[in-house]
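The values are calculated or read from the model by the stated rules, or taken from the named source; none is laboratory data. These numbers were taken from a predicted model, which means no experiment stands behind them. Virtual Cβ from ideal backbone geometry, glycine too; neighbours counted across all protein chains shown. Remember, those area values only see protein heavy atoms, side chains included, never the ligands or the DNA or RNA. Shrake-Rupley method; radii C 1.70, N 1.55, O 1.52, S 1.80 Å.
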Amino acid sequence: MTSQTETDKFEQQRQEKIEKLAALGIDPYGSRYEQPEPAESIKARFQDGQEGQRARCAGRIVLFRDIGKLIFITLRDRSGTMQVGLSKNLLNDQWPLAKLLDLGDIIGAAGQLGRTRTGEITIWVEENGLTFLSKCLSQPPEKFHGLADIDQRYRQRYVDLWANPDVMERFKKRSAIIATIRQFLDARGFLEVETPMMQAIAGGAAAKPFITHHNSLDLDLYLRISPELFLKRLLVGGMERVFEINRSFRNEGLSRRHNPEFTMIEVYQAYGDYHVMMDLTEELIASCVAAHCSDTTVKFGDLDVSLARPWRRARYADLLKEHSGCDIDDVAALRAKARSLELDESAMDDAVVVNEVFEATVEDVLIDPTFVLDYPAVLCPLTKRSKTDPRYAERFELFIAGMELANAYTELNDPAQQYENFLVQLKGQEDTMATMDTDFIKALKYGMPPAGGLGIGIDRLVMILTGATTIRDVILFPLLKPVDAPTAGS
């Protein structure tokens with residue numbers, strides 16, 4: 001690890017080079033650079049033996065080899081890398097500038113294209129073809145392949161992206177996956193919308209919200225935990241197919257699968273149900289697999305996950321019986337099972353005990369895609385109950401690699417039943433009417449069409465499709481504990 005003294009000395013040496021650049025009349029932080037061509041485009045169009053080929057590229061120096069009167073540089077831009085050759089004989093008056101370059105600097109290079117004796121396509125920079133664009137003062141990673149310290153990579157993503165090519169590719173793939181999702185839904189007549197991120201009532205999911213305050217209105221607001229209730233209002237308004245790729249916020253813990261600020265997509269389709277949303281989910285994710293994965297089997301840590309269709313569909317009660325050995329109606333057996341799993345079930349409602357045992361015994365073993373259907377209705381206050389057995393709700397969750405990836409309902413559109421469910425959900429709170437979304441009940445009274453609703457965790461989907469086993473690897477700037485935060489026991 002570099003000491004502060006070494007860091008200060010390094011920056012001082014670079015600062016001295018800035019002064020030398022200024023003495024040459026060169027702005028160390030550059031200006032507009034016209035029409036640089038992506039490195040990969042240059043290499044793709046190069047033709048051996050054809051004279052007069054020229055190129056103009058800009059990027060960061062990630063490899064620097066000074067061998068006297070010749071300097072070889074590897075530039076990295078958004079597309080990849082390009083070798084640049086600097087020769088004293090070609091640069092003439094710009095040679096002093098070349099000798100002031102450092103690893104991490106950003107430059108522009110223009111000149112003739114050719115191959116070196118080792119076969120590397122190279123821009124041989126001509127006189128006045130070298131342009132200084134920005135000085136790197138901080139010490140870049142020592143190795144060409146970048147930052148190795150995981151915590152430093154997350155805290156300094158601005159270095160991680162150019163120092164680790166695989167990281168850049170993962171985030172480019174994330175953007176491409178989201179574009180595929182948009183194209184898929186647009187082709188099926190879904191309208192992309194935006195709903196409030198600050199809400200007067202935290203609704204749509206059971207989670208602890210972040211609270212903020214609007215000064216002008218002297219009003220406490222919540223960062224949304226879900227856009228669900230606003231999107232359903234749009235169904236009432238006649239927008240029959242809507243979706244939102246949204247940032248949501250939950251004031252809960254950090255883990256390999258949880259970040260307090262996360263991205264999900266919610267989709268609502270009038271005249272559908274949870275079976276329609278199940279088909280839609282499978283087709284949507286399969287389209288992402290086809291577009292962005294080389295095979296239907298993907299590597300996720302030590303797991304080989306098959307995303308080949310069709311995907312398994314199994315009832316919640318059947319999976320509980322299969323993996324816990326307990327019948328869903330045998331509360332005594334489930335409480336005993338919970339105790340054997342070292343779960344403190346004494347203060348839990350029966351339904352919570354059932355779900356705690358399910359989570360502990362079932363979820364981790366669902367490796368290949370599995371739709372878990374028909375959850376206990378008491379766990380699902382926004383969901384229609386099964387007509388054949390009202391103890392269960394028409395809900396599914398999709399699990400892949402032991403991780404919940406999607407959640408969907410046949411949406412409840414009966415205002416009276418929704419009101420009663422809200423009362424049960426809010427039972428025990430001192431001022432029920434202050435925390436109930438009465439406007440949503442009012443909206444339902446105008447009539448919401450029967451509908452299916454779906455939420456997919458974008459971050460987790462990207463994890464599966466890129467093989468990233470921690471959510472921090474697919475979020476550009478994940479929330480981290482402050483560097484100087486006290487640790488337990490300190």
In the stretch 343-390, what trypsin sites (Lys or Arg not before Pro) fall in a loop by DSSP, with at most 12 other Cβ atoms inside 10 Å?
-> Lys387
Pop out the Kirkwood hydrodynamic radius of the stretch 263-404 from its pairwise C-alpha distances, inverse of mean 1/r, in Å to one decimal.
-> 16.6
Can you tell me the order of 128-139, 285-296 when each peptide is scored by its average per-residue count of other Cβ atoms within 10 angstrom, highest first?
-> 128-139, 285-296
Please report the relative contact order for the stretch 283-412, taking Cα pairs under 8 Å with a sequence separation of at least 6, and give it as a percent rounded to a whole number.
-> 21
Can you figure out the FRET efficiency of Thr297 with Ala416, using R₀ = 56 Å and their beta-carbon distance, to the nearest 0.05?
-> 0.70
Place +1 on the Cβ of every Lys and Arg and -1 on the Cβ of every Asp and Glu in the stretch 171-229, take the dipole about the Cα centre, and give the residue among Pro227, Ile201, Thr180 whose Cα lies farthest towards its positive end.
-> Thr180
Identify the GluC sites (Glu not before Pro) of the stretch 165-263 meeting these criteria: DSSP loop state and at most 14 other C-beta atoms within 10 Å of the C-beta.
-> Glu194, Glu252
Okay, which of the stretch 120-139 sit inside 19 Å, backbone N to the point 7 Å along the Cα-Cβ direction of Lys69?
-> 124-128
Size of charge dipole - the stretch 371-469 - debye, nearest 20, with Cβ of Lys, Arg +1 and Asp, Glu -1, no other charges | 240
Given a cut-off of 30 Å, name the pairs among Lys232/Lys387; Lys172/Lys481; Lys232/Lys321; Lys69/Lys135; Lys17/Lys172 whose C-alpha atoms lie farther apart than that in the structure shown.
-> Lys232/Lys321; Lys17/Lys172
If one computes the Cα centroid of the stretch 17-60 and of the stretch 111-133, what distance in Å separates the two points?
-> 9
List the chymotrypsin sites (Phe, Trp or Tyr not before Pro) within the stretch 387-464 that fall in a DSSP loop (any state other than H, G, I, E or B) and whose Cβ has at most 10 other Cβ atoms within 10 Å.
-> Tyr446
Give the accessible area for His213 in Å² (nearest 10); use a 1.4 Å probe, count only protein heavy atoms, and leave out ligands, DNA and RNA.
-> 80
Round to the nearest 10 and give me the degree value, 0 to 90, for the angle of helix 4-23's Cα axis relative to the longest principal axis of the chain.
-> 50
For the stretch 173-267: span of alpha carbons on each principal axis (Å, largest first) = 42, 38, 24
Given unit charges at Cβ for Lys, Arg (+) and Asp, Glu (-), the dipole magnitude of the chain about its Cα centre in debye, nearest 20, is 1600
So what is the calculated 222 nm ellipticity per residue for the chain, using -39500 (n - 2.57) for each DSSP H run with n of 4 or more, over all residues, to the nearest 500 deg cm²/dmol?
-> -9500 deg cm²/dmol
5 Å-binned pair-distance histogram of the stretch 63-195 (Cα, whole percent) | 2, 9, 16, 17, 14, 11, 10, 7, 6, 4, 3, 2, 0
Environment charge of Lys442, counting only residues whose C-beta is closer than 15 Å and scoring Lys/Arg +1, Asp/Glu -1 | 0
Mean shadow of the stretch 341-452, computed from the convex hull of its alpha carbons, in nm²?
-> 8.6
Given a 1.4 Å probe and every protein chain left where it sits, what share in percent of the accessible area of the stretch 135-273 is carbon and sulfur?
-> 52
Dividing the mean separation of Cα pairs under 8 Å (6+ apart) by the residue count of the stretch 168-247 yields a relative contact order in percent of 32
Sorting Gln53, Phe72, Pro36 by the position of each Cα along the dipole of the stretch 1-95 (Lys, Arg +1; Asp, Glu -1; all at Cβ), the one nearest the positive end of that ordering is Gln53
Per-bin percent of Cα-Cα distances, the chain [10 Å] = 4, 15, 22, 20, 16, 12, 8, 3, 0
Estimated distance in nm for a label pair at Glu120 and Val365, the labels positioned 7 Å out from Cα along Cα-to-Cβ | 5.4
Based on Cβ point charges of +1 for Lys and Arg and -1 for Asp and Glu, what charge dipole magnitude is obtained for the stretch 223-367 about its Cα centre, in debye rounded to the nearest 20?
-> 500
Could you pull out which residues in the stretch 346-387 have an amide N less than 19 Å from a spot 7 Å beyond the Cα of Ala290, following the Cα-Cβ vector?
-> 369
